[in-house]
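Chemist: For reference, the structure I am asking about is given below.
Since every read-out is calculated from the coordinates, none of them should be taken as a lab result. These numbers were taken from a predicted model, which means no experiment stands behind them. Here the Cβ is made from the backbone with ideal geometry for all residues, glycine too, and neighbour counts use every protein chain on show.
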Amino acid sequence: MIRYLLPALALALFFLEPVFGLFSPLQLDGVYYYIVPRFLLMYLIFVTVYYDAKRAMIYGLFFGLLYDVFFIDIIGLYSFLYPLMCLIASYIVKSVQRNLVVATLLTLVLTALFEFMLYLFFSAISLAALPAEAFFISRLLPTMIANSVFLVMLGWAFKLIIDARLIERENSKA
């Protein structure tokens, strides 16, 4: 039964991102800070690290395509970047230890890379006229802080669910 929990959790995170996106932008002292939740991306990286990179890339392709269709109208951007982040995570994980601290740091670094790649793409096609310094201060930093809090709160839960699926898969083979 846990078999269906991995994609169900990905689906739930996909639907929760826009809900948490409603809290953005925050205005502090007349300055707007934009928080972009990347719950699904972080979950996909955890699936890559602890479960199966191929499965995470398939989920990334599927949910990236859904994200492209429903939210940004540029087909291919998220459906390319989600699996790419999973692929990068799978190559990095081969040479480092698989513990929760490393997975958390890797997830945060790849989330920052993801945001920066989106910024570069939107700047290249002139959809974003934001200078790089303003991007880092008003969008990347608040996004990383908010996603760090989310990951610290739920990273261990991701790992527990994925470990339960691994145990179920091993028991079904025996």
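Chemist: Among the complete DSSP H segments of the chain, which ones combine at least 30 Å of alpha-carbon extent along their axis with a mean Kyte-Doolittle hydropathy of -0.5 or more? Could the numbers behind the result be given before it?
Modeler: Working: long enough: 100-124 (35 Å, 2.15); 141-173 (45 Å, 0.63).
Counting only whole DSSP H runs, the qualifying helices are 100-124, 141-173.
Chemist: For the chain, modelled as a GNM with alpha-carbon contacts under 10 angstrom, which of TYR119, TYR67, TYR32 fluctuates the most?
Modeler: Of TYR119, TYR67, TYR32, the Gaussian network model singles out TYR32 as fluctuating most.
Chemist: Per DSSP H run of at least 4 residues, take -39500 (n - 2.57); add these up for the chain, divide by its residues and hand me the 222 nm value, nearest 500 deg cm²/dmol. Please report the intermediate quantities before stating the final value.
Modeler: On the way: 7 runs with 123 residues, N = 174.
Theoretical 222 nm ellipticity from helices: -24000 deg cm²/dmol.
Chemist: Counting other C-beta atoms within 10 Å, which of PHE121, PHE114 has the fewest, and how do the rest follow?
Modeler: Details: PHE121 15, PHE114 22.
Fewest-to-most Cβ neighbours within 10 Å comes out as PHE121, PHE114.
Chemist: Also, I was wondering about something else. For segment 46-171, take the convex hull of the Cα atoms, compute a quarter of its surface area, and give me that in nm², please. Write down the numbers at each step before the final one.
Modeler: On the way: hull surface 33.8 nm².
Computing the convex hull of the Cα atoms and averaging its projections yields 8.5 nm².
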